[in-house]
Amino acid sequence: MEWSEIFTAVGLGVITLVTRCFFFISDRALPFPSWAQRGLQYAPIAALAAVVVPEIVVSQGTLMTTWQDARLFGAAAGAGFYFYRRGKGQAVLGTIIVGMAVYLPLHVGWGW
Amino acid sequence: MFFDPANFRHPAFRQGMVDTLKVAPGIWAWGLMTGVAMVQAGLSPAMATLMTLVIYGGSAQLAAIPLLTAGAPVWVILTTAFCVNLRFAVFSLHLRQYMMAWPRWQRLSIGYFIADLNYVQFVHAYPQPSEDSDGQRSEMAYLSGNCFLNWIGWQIASLLGIVLAAQVPLQWGLGFAGVLALVGILCSLSHTRLRVVSLAVAGAAAVAAFGLPLRLNILVAIAASVAVCLVMEQTSLANNEASS
């Protein structure tokens, strides 16, 4: 392990700390315009979707060109289970289990 | 912070851990595969261990791996990780109203540990910030328990992945369990019509702008989606939403 590698790892750790604490590092009052307050309704789900959706539909740097991809079916089955199960508990756990139950046979067995 | 007895002796600490367990298998599988992926990409086990212990962020680590093995400049790696982590900055804006009741060192020492799951479960358990100190202690205890179990589970799974890297084929795609955990979290957030719009616009924009360097597609997606939703809020759709 070289010094440059250690420096990069520590730098990435600092990025974790700074981004996760970004808006509560300072003790000073934060001007909070009303549009920002309203935007807070939509920004968290947008920020998460911007990371997750490409994980499902992007392959080799662009939008996938085939529907024969196990990720599509796994994610659809997982989300479908969530809305079927919503409000009855363990919905997120079920999303993971049902999604993997569809994904693994298609991906490992079928080669999608 | 979870080393504080005032937090780990509080009943809410246990409740926080119980809630983490609901999503834990996905998180552990994701941690395991992040460990496997780092070693199989050619990082030394020592570097992979250091990254796991110091960075504690699966998506940022996975984004950094190809850049590290390609010998990209440090600033490129750090900027990319910052963009991938932008969602945490958005979460921190929401969490600010809960956090400012605490001194800075306490805010930073718990803030480092707040991953996607912890943010979503915390604001679900405590939709409104407490005004009194008992309620604030309960919030901090819950958050500490929730973060603690997620962190320890992730670390054990990742270190196991580093050790077992030769035995677990990356081709199985077990890391997809982490994506599914985030899909479940996305579903749990999408309970108004405009939030579904936000998800769709951000997802489409992130894919359309995927070619941008430094993962700037994520910044573009957040900006586009919030702008679209704020405009739509002013239209009749918002009125329907309010009355439904």
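Taken together, the values in this text are just the output of simple stated rules run on the coordinates, not laboratory data. Predicted, not measured: the structure shown is a model, and the values here were computed from it. All Cβ positions, glycine included, derive from the backbone under ideal geometry; neighbour counts span all protein chains shown.
Details
- For the options A:62, A:19, A:95, a Gaussian network treatment of chain A with springs between C-alpha atoms closer than 10 Å singles out A:19 as fluctuating the most.
- Helix content alone sets the calculated 222 nm mean residue ellipticity of chain A: runs of n ≥ 4 DSSP H residues at -39500 (n - 2.57) each, divided across all residues, give -20000 deg cm²/dmol.
- MRE, 222 nm, helices only [DSSP H, n ≥ 4, -39500 (n - 2.57), over chain B, to nearest 500]: -24000 deg cm²/dmol
- Exposure rule at most 10 other beta-carbon atoms within 10 Å, DSSP loop trypsin sites (Lys or Arg not before Pro): chain A longest free segment: A:29-87
- Each principal axis of the Cα cloud of chain A was taken in turn, and the coordinate range along them, longest first, works out to 54, 47, 29 Å.
- Average 1/r across all pairs of distinct alpha carbons in region B:148-244, invert it, and you get the Kirkwood radius: 16.5 Å.
- Peptides B:116-129, B:214-227 ordered by packing proxy, namely the average of other Cβ atoms within 10 Å per residue, highest first: B:214-227, B:116-129.
- Estimated FRET transfer efficiency when R0 is 35 angstrom, pair residue B:41-residue B:223 (beta carbons, to 0.05): 0.65
- In degrees, nearest ten, helix A:3-20 long axis to first principal axis of chain A (Cα): 90 degrees
- A Gaussian network model of chain B, with springs between Cα atoms under 10 Å, assigns the largest mean-square fluctuation among B:147, B:83, B:187 to B:187.
- Among A:14, A:58, A:102, the residue with the largest mean-square fluctuation in a Gaussian network model of chain A, with springs joining Cα atoms closer than 10 Å, is A:14.
- Kyte-Doolittle mean at least 1.6, axial Cα span of 18 Å or more - DSSP H helices of chain B: B:176-189, B:216-233
- Value of relative contact order over region B:1-119, rounded to a whole percent, pairs C-alpha under 8 Å and six or more apart: 26 percent
- Using C-alpha pairs below 8 Å separated by at least 6 residues, the relative contact order for chain B is 35 percent.
- Proximity of backbone amide H atoms, modeled 1.01 Å from N, is registered between residue A:59 and A:64 at under 5 Å, excluding neighbours fewer than 5 places apart on the same chain.
- Evaluated on the protein assembly as shown, the Kirkwood hydrodynamic radius is 20.8 Å, with distances taken between all distinct Cα atoms.
- Peptide B:49-55 - average C-beta neighbours from other chains (10 Å radius): 5
- Relative to the longest principal axis of the Cα atoms of chain A, the long axis of helix A:43-57 lies at roughly 40 degrees.
- Pair residue B:54, residue B:134: separation of 7 Å Cα→Cβ label points (nm): 4.5 nm
- Each label was represented as a point 7 Å from its Cα along the Cα-to-Cβ direction; for residue B:208 and residue B:196 these points are 2.1 nm apart.
- When the Cα atoms of region B:5-172 are aligned to their principal axes, the ranges along those axes come out at 51, 32, 24 Å in descending order.
- Once C-alpha pairs closer than 8 Å and six or more residues apart are averaged by separation and normalised to the residue number of chain A, the relative contact order reads 19 percent.
- Inter-site label distance for residue A:84 and residue A:10 at 7 Å from Cα along Cβ, in nm: 5.2 nm
- Backbone N within region A:98-112 under 11 Å of label point (7 Å from residue B:171 Cα along the Cβ vector): A:108-109, A:111
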